[in-house]
Every structure is written in C-alpha cells, then in structure tokens.
2 protein chains.
Amino acid sequence: MISSSKLNQYWTDIYFHLHYPHGEKITHQVVRILQLIDKKDRVVVNDVATHLEISHNTASEHVKRMINKNYIEKKRDQNDERKVILQLTDFGKNVLHENTSLDEEKLNHIFSDMDEVEKELISKAFKLLSERAKSCM
Amino acid sequence: MISSSKLNQYWTDIYFHLHYPHGEKITHQVVRILQLIDKKDRVVVNDVATHLEISHNTASEHVKRMINKNYIEKKRDQNDERKVILQLTDFGKNVLHENTSLDEEKLNHIFSDMDEVEKELISKAFKLLSERAKSCM
DNA sequence: TCTTTCATATCGTATGATAAGATATAATCT
DNA sequence: AGATTATATCTTATCATACGATATGAAAGA
C-alpha cells in the first residue's frame, strides 16, 4: 500500500534534489503558460485566460511579453483567422524543461548505478502513473 | 531500460494532470525559498541568498515579505545570536504543498482504481528514486 | 578593550510583472 | 449590414524583484 501524502514526500524530495540549477528568472504564471502550451494541442489566447483565471487582455499581454522573450510564437488559425495558435520556440522548450523537468545529467548518474531490475521498476511505475493521470480527466 | 528524457516525459505529464488548481498568487522565487526551508535543516537568510544566487539584502527582503504573508517565521540561533533560522508556518506548508505536490484527491482516485500489485510498484519506484536522489549529492 | 568581521536589516531607487477596465480592430456569423 | 467573437492596445495601478549604500548588533581576533 501507499498513501498519497507519502507519495508526495517522495515526489517533492525527488524534485528538490534533481531539479536543474535556477537559471533564467521566470515567474510562476509564465511557467504555467509554457506548460499549458506544451501539453495541450492548439492553445489560443483565450485558453490561457481561462486556464489561469485571468482576463483576456492580461492573457494577451502575457503572450506579448513571452513573444518578446522568444519563449513562444504565434500562428493564425487557418480555419478561423481570428484565432491565434501559440507554439513554443526551441528556446521556450528549453526554458520550460529547465524549470519543470529533472536534471538529466543527475538522472543519468543515478541510472548508471542501478541494475536492470531497478530501472525497469522506475520505468514501469512512471509510465503507469502518467497514463492513469492522463485518463483521469 | 529507460532514458532520462522519457522519464521527464512521464514526470511532466504526471505533474500537468495531477497538480492542484492554481490558487494563491505566488512567484517562482518564493516557491524556491519555501522548498529550501522545507527540505533543509536550519536555513538562515544567507542560505537563501546563496541558493537563489541573489544578494543578501534581497534575500532579507524576501524573508520580510514572506513573514508579512505568514509563510515563514524567524527564530534566533541559540549558539550565534547573529543568525536567524527560518521555519515554515502551517500556512506556509500549505502554500508550498499546493504549489509543488500532487493533488491528493486526484491521487486517491487513481489509487482506488489500482490493484495491490500496481500500488506496490508505484510505491517502491518512488521510494527508490527519492532515496537515490538524496544520496546522489 | 578595541577593532574587524559577520549576519542581518533597512533605505532609496529602479525596473519589470501583473492585472483589469476601456476601447479598438479584424474576422466570422446571422 | 449588424452582431458576435478573438485578440490587441492603451491607461493606470500595485506589487515584486533587485541591488548599492548604510546601519546595527553579535562574535572573533589582536
């Protein structure tokens, strides 16, 4: 058995010890927008507003600032030219990665000290939880 | 086998789908400081400065603001009265939890649809990775 | 004891982020 | 044509972030 709070203990410990060093100065709101664009298909400005629960004009300003920083790009929807589809730039993907992922050098180092059984355990568990998380919605 | 980038795919998918709804407006820097105080023993103001790579006066101001928001408390070091030890308040623990942990209601829901073998798999894998992460430093 | 160093706090100042209301523009729908 | 939708811009306000300069009080060294 496992409790949710125990899992969160493991979860936060893993992130604290394995996250990337803090580089780019970036705000929480901006990370959330990057995550949204990364994980969802065809995100438009209004999706940003509803997801963050902010007004559409504030969302539009976030987008403007993020384009100026070269985190994202705009593309007009072909079916409906009013809509603006947001996409991550390579730089934006990188910023998102460094702010939400685990440091892959550290991970590789940990994996190199594991046997195949342990690696298989980790792989299966994370795959399982991520699949259930996606279908949970 | 598992690659680090595949694990990060799972990791970020899990967080995107299972995080708490965005409540308190909070900045990235403040979350980092909360994490530091939560995970390390006897954190003083200077630790905040070196950990975030900011000047000591800026760190001191972060601390002041966070105390005003009732996220943390100060306590003087008994051995060295110059030092100020930082501690999370219950409210601060809660804010940190909602900004870095997985939503325990959603987790419970997922676990309720799993059999014992699957739950054991998740438990063992997260325990293993968190232990290796800690000793990796 | 006197001086220096250390740990933190405060003040002044500057910049940028965040947010919303009001208004504008351009595309789409009826 | 007129209404609606999606986004953008302008104005204004507040707060966060950051640092240099300076101050205070505790600890360590001569």
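Say a label goes 7 Å from Cα toward Cβ at B:His109 in every copy; what distances in nm does this one have to the rest, shortest first?
Relative to the other copies, B:His109 has label-point distances of 3.8 nm.
Can you tell me the orientation of helix B:28-39 relative to chain B, as the angle in degrees between its alpha-carbon axis and the longest Cα principal axis, to the nearest 10?
Approximately 80 degrees, to the nearest 10.
Taking chain B as a Gaussian network, where each spring joins two C-alpha atoms under 10 Å apart, which residue of B:Gln78, B:Gln29, B:Gln87 fluctuates the most?
Among B:Gln78, B:Gln29, B:Gln87, the largest GNM mean-square fluctuation belongs to B:Gln78.
Taking H placed 1.01 Å from N in the peptide plane, check which residues at least 5 places from A:Ile85 or on another chain put their amide H under 5 Å from its amide H.
The list, which skips near neighbours in sequence, is A:Lys75, A:Arg76, A:Asp77.
Taking A:Lys93 in one copy and the same position in all the others, each labelled 7 Å out along Cα→Cβ, what are the pairwise distances from the first, in nm, shortest first?
Between copies, matching label points for A:Lys93 lie 4.1 nm apart.
From the phi of every residue in region B:70-76, what ³J(HN,Hα) in whole Hz does the Karplus formula 6.51 cos²θ - 1.76 cosθ + 1.60 yield, where θ is phi - 60° and glycine or proline is x?
Here the 3J(HN,Hα) series is 6, 7, 9, 10, 9, 8, 6 Hz.
Which of B:Asn79, B:Asn70, B:Asn94 moves most in a GNM of chain B, Cα contacts under 10 Å?
B:Asn79
For label points placed 7 Å from Cα toward Cβ, what is the shortest-first list of nm distances from B:Arg42 to its copies?
Computed spacing set for this position: 5.8 nm.
Please report, in cubic angstrom per residue, the volume enclosed by the convex hull of the alpha-carbon atoms of region A:98-137.
56 Å³
Could you work out how far apart the two model spin labels at B:Lys6 and B:Asp90 are, taking each label as a point 7 Å from the Cα in the direction of the beta carbon, and quote it in nm?
The answer from the label model is 4.5 nm.
Output the 0 to 90 degree angle, nearest 10, between the alpha-carbon long axis of helix A:90-100 and the longest principal axis computed from the alpha carbons of chain A.
Between the helix axis and the principal axis of chain A, the angle is about 50 degrees.
Too long at a 19 Å Cα-Cα cut-off: which of B:Lys40/B:Lys93; A:Lys106/B:Lys127; A:Lys69/B:Lys64; A:Lys39/B:Lys93; A:Lys119/B:Lys127?
Correct reply: A:Lys69/B:Lys64; A:Lys39/B:Lys93.
Separation between the A:Asn57 and B:Ser60 pseudo-spin-labels, each 7 Å from Cα along Cα→Cβ, expressed in nm?
Inter-label distance under the simple model: 4.0 nm.
Mind putting together the pair-distance distribution for region A:22-101? All Cα pairs, 10 Å bins, whole percent per bin, short to long.
Over region A:22-101, the share of Cα pairs per 10 Å bin runs 19, 57, 22, 2, 0 percent.
Restricting to DSSP loop positions (anything but H, G, I, E, B) with no more than 16 other Cβ atoms inside 10 Å of their own Cβ, which GluC sites (Glu not before Pro) remain in region B:1-86?
Hits after loop and neighbour filter: B:Glu24, B:Glu53, B:Glu81.
Helix B:4-18: angle to the longest alpha-carbon principal axis of chain B, degrees 0 to 90, nearest 10?
80 degrees
What trypsin sites (Lys or Arg not before Pro) in region A:40-84 are in a loop by DSSP, with at most 12 other Cβ atoms within 10 Å of the Cβ?
Here the trypsin sites (Lys or Arg not before Pro) that fit, given the DSSP loop and packing criteria, are A:Lys40, A:Arg42, A:Arg82.
Compute log10 of I(q)/I(0) for chain A with the Debye formula, placing one identical point scatterer on every Cα and leaving out solvent, at q = 0.15 Å⁻¹, to two decimals.
Calculated log10 I(q)/I(0) at the listed q: -0.91.
B:Thr50 to A:Asp77: FRET efficiency via 1/(1 + (r/R0)^6), r the Cβ-Cβ distance, R0 45 Å, to the nearest 0.05?
0.45
Can you name the residue in chain A whose Cβ lies closest to the A-to-B rotation axis, and give that gap in whole Å?
A:Ala125, 2
Could you run the Debye sum over the Cα atoms of the protein assembly as shown, one equal point scatterer each and no solvent, and tell me log10 of I(q)/I(0) at q = 0.08, 0.14, 0.15 Å⁻¹, two decimals?
-0.37, -1.11, -1.23
Bear in mind that the values in this text are calculations on the coordinates, not laboratory data. Given the structure is predicted, the values throughout are model-derived calculations rather than measurements. Glycine also receives a Cβ, built like all others from the backbone with ideal geometry; neighbour counts cover every protein chain displayed.
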